[in-house]
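K.L.:
Mind having a look at this structure? Questions to follow.
Since every read-out is calculated from the coordinates, none of them should be taken as a lab result. These numbers were taken from a predicted model, which means no experiment stands behind them. Here the Cβ positions follow ideal geometry from the backbone for every residue, glycine too, while neighbour counts run over all protein chains shown.
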Amino acid sequence: MSTSLIILIIILLILVFMYNSLISKKNQVENIFGSVDAVLKKRYDLIPNIVVAVSKYMTHEKSLLQEITKLRAEANKPDISDAQKIHLDAKVSSALGSIMIAVENYPDLKANENVIHLQHTLNEVEEQISAARRAYNQAVTDYNNTIEMIPTNFMASYMKYTRKDVFEIVENERKNINVKEFFN
Amino acid sequence: MKDVSELTNFYYQKLFPTLEKLEDDRKTLRKKIIIFGVIFTLIMLIIALALKDFFDYIIFIYIALGTIMYKFLIKDYTHEFKQNIIKPLIHAIDNNLLYTHKKHISEHLFNHSDLFSTPDRLGGNDYVQGNIDDTNIEFSDIHAQRRHRNSKGRDSWSTIFKGLFIITEFNKNFTAQTVVLPDSAQSSFGNIIGNWLQSKNMARDELVKMDDSEFEKEFVVYSTDQIEARYILSHSLMKRLLTFKQKSSHPLHVSFIGSHIHLAIESNKDMFEPSIFSSLLDYKVAMEYVKTLHLAIGIVEELKLNQKIWSKR
């Protein structure tokens, strides 16, 4: 009788442990996504300043500037899903990258103090976004591993936990971050 | 900054007259030490034979007295060597650097790095301080020890850290505390068990798994902030730290705390001491001085800490 009781307690403890580990992994993902969201917002807040600063000079890139303003409006809509946010982020990254490369063609712009300051700030925000994305991807990988590995997968499927998507780290992203060339 | 081969040239050409003189001093000193050593050992042996009951104490006195006498004998030679060889070498790398033979990184800064447990005794020497490419840097030899008291009340000392300790400004703003340590668990127990053990380290903050497999193999990262740890340890900085570790070929401990980066290179020896039993003109000996200095002062360039492309000014 007592042995079966001990076994029962052990099984119960293991179940509690598994349950708690699943919950903590899920919360970690949500928690870090919150931070990703915060830094993404920081960059969206920066966009109007960049557009104002460069639009006076940039005559050929009007469509690019319009596009980025549109993307920002889209991202600021309430109730967009996490997946949409991830998708929009990739688009904004590449559009901003193009604008910053275009700055190269305008010597006045390159020397403008306001623009230089914006570049520094953007550079930093981009690096923060990159860090947040990497942290998010790690949290998601841990979460996905737990819900797919034995024995936690049984409990995860019972709790209806499903795989989450990671941020695609675009190959040219590392180039975008590296705006060092602008200062040479 | 001069590279290693330029510095080696400087060592052999500019410093040659001084080296030759010091080399003569070294030979005389070596002879003196050997004669002293033999006589001292003989005397102690005779005393030991006469007072057999106090054997333990005599060994203790032999070691203690021997060390004191050795230090006394090499004192002048060491001073000459540091003033005439190490100091010019440092100035050859950068003229603005200040060198103080007897000072070391303060205990406060050592503890602030959060890399090691608080020492009971902290010593060191060869303190260098200055500004390279607009980046403050200071480093010195450090020997941190812990006291153990046995049941008889006798003290013994064990080493917490011995090697080169470097502190420089970091070029990004951050508030979290991030510590990068040599990875022993993962290499001895494999990925899964090693990772699990690392995550259970109660003395440290949260484990941060990095997305660079080579870096993960060499180091383990703990931080108070998962995101900021990755903000500091960008892909390029991880690569640079790996290269730096390979260059130094000793275990490397790094921490990012209070806008500074702390690097502890665990070489387990006092770095800029003059050689007594091998020639100062020996290429190997020369290379060690040059390489260590170049490594320490080159850190700013190596880790691109002079690249002020962030909003931190």
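K.L.:
FRET efficiency for A:LEU8 and A:ASP142, Cβ-Cβ distance as r, R0 = 22 Å, nearest 0.05? It would help to have the intermediate numbers written out before the result.
P.N.:
Values: r = 30 Å, r/R0 = 1.36.
In this case the efficiency is close to 0.15.
K.L.:
While we're on this one: Name the residue from B:THR67, B:SER106, B:ILE90 whose Cα lies farthest towards the positive end of the charge dipole of segment B:51-152, charges +1 on Cβ of Lys and Arg and -1 on Cβ of Asp and Glu.
P.N.:
B:THR67
K.L.:
Okay, next question. What is the angle, in °, between the Cα long axis of helix A:82-103 and the longest principal axis of the Cα atoms in chain A? Nearest 10 is fine, range 0 to 90.
P.N.:
30
K.L.:
While we're looking at this one, here's another question. Please give the calculated 222 nm ellipticity per residue for chain B, where each DSSP H segment of at least 4 residues contributes -39500 (n - 2.57) and the sum is spread over every residue; nearest 500 deg cm²/dmol? Mind dumping the intermediate values first?
P.N.:
On the way: 12 runs with 145 residues, N = 313.
That comes out to -14500 deg cm²/dmol.
K.L.:
Also: How far is helix B:55-81 tilted, in degrees, relative to the longest principal axis of the Cα atoms in chain B, given as a value from 0 to 90 rounded to the nearest 10?
P.N.:
Value to nearest ten degrees: 70.
K.L.:
Dividing the alpha-carbon Rg of segment A:24-183 by 2.2 N^0.38 Å yields what? If you can, show how the numbers build up before the last one.
P.N.:
Values: Rg = 18.5 Å, N = 160, 2.2 N^0.38 = 15.1 Å.
Taking the Cα Rg and dividing by 2.2 N^0.38 Å, one obtains 1.22.
K.L.:
Residue farthest toward the positive end of the dipole of the protein assembly as shown, with Cβ of Lys/Arg at +1 and Asp/Glu at -1: which of B:SER275, B:ILE261, B:PRO17?
P.N.:
Result: B:SER275.
K.L.:
Now, a different point. List, in order, the whole-Hz ³J(HN,Hα) value for each residue of segment B:8-13 obtained from phi through the Karplus relation with A = 6.51, B = -1.76, C = 1.60 and θ = phi - 60°; use x for Gly and Pro.
P.N.:
Listing the rounded values in order: 5, 4, 4, 4, 7, 9 Hz.
K.L.:
With only Lys, Arg, Asp and Glu charged, each at its Cβ (+1 for the first two, -1 for the last two), find how big the charge dipole of the protein assembly as shown is about the Cα centre; round to the nearest 20 debye. Write out the running numbers ahead of the final one.
P.N.:
Numbers: 60 positive and 60 negative charges, 181 e Å.
So the dipole magnitude of the protein assembly as shown works out to roughly 880 debye.
K.L.:
Which residue, A:GLN138, A:GLN84, A:GLN28, tops the fluctuation ranking in a GNM of chain A built on C-alpha contacts under 10 Å?
P.N.:
The residue that fluctuates most here is A:GLN84.
K.L.:
Let me ask something else. For B:LYS102 and B:ILE61, compute 0.36 nm times the residue count separating them, minus their Cα-Cα distance, and round to one decimal in nm.
P.N.:
Details: separation 41, 0.36 × 41 = 14.76 nm, distance 2.66 nm.
Additional length available on full extension: 12.1 nm.
K.L.:
Taking chain B as the reference, fit the longest principal axis to its C-alpha atoms, fit the long axis of helix B:235-248 to the helix C-alpha atoms, and give the angle between the two in degrees, 0 to 90, nearest 10.
P.N.:
Approximately 10 degrees, to the nearest ten.
K.L.:
Could you please rank A:THR3, B:THR292, B:THR224, B:THR243, placing first whichever residue has the fewest other Cβ atoms within 10 Å of its Cβ? Before the final figure, lay out each step's value.
P.N.:
On the way: A:THR3 7, B:THR292 19, B:THR224 15, B:THR243 12.
The fewest-first ordering by Cβ neighbours comes to A:THR3, B:THR243, B:THR224, B:THR292.
K.L.:
Can you give the charge dipole size of chain A about its Cα centre, rounded to the nearest 20 debye, using +1 on the beta carbon of Lys and Arg and -1 on the beta carbon of Asp and Glu?
P.N.:
320
K.L.:
Taking the Cβ of each residue in B:MET1, A:MET100 as the centre, tally the other Cβ atoms inside 10 Å and list the residues starting with the fewest.
P.N.:
On the way: B:MET1 13, A:MET100 21.
By the 10 Å Cβ count, ascending, the order reads B:MET1, A:MET100.
K.L.:
In debye to the nearest 20, how big a dipole does segment A:47-118 give about its Cα centre with +1 on each Lys and Arg Cβ and -1 on each Asp and Glu Cβ?
P.N.:
140
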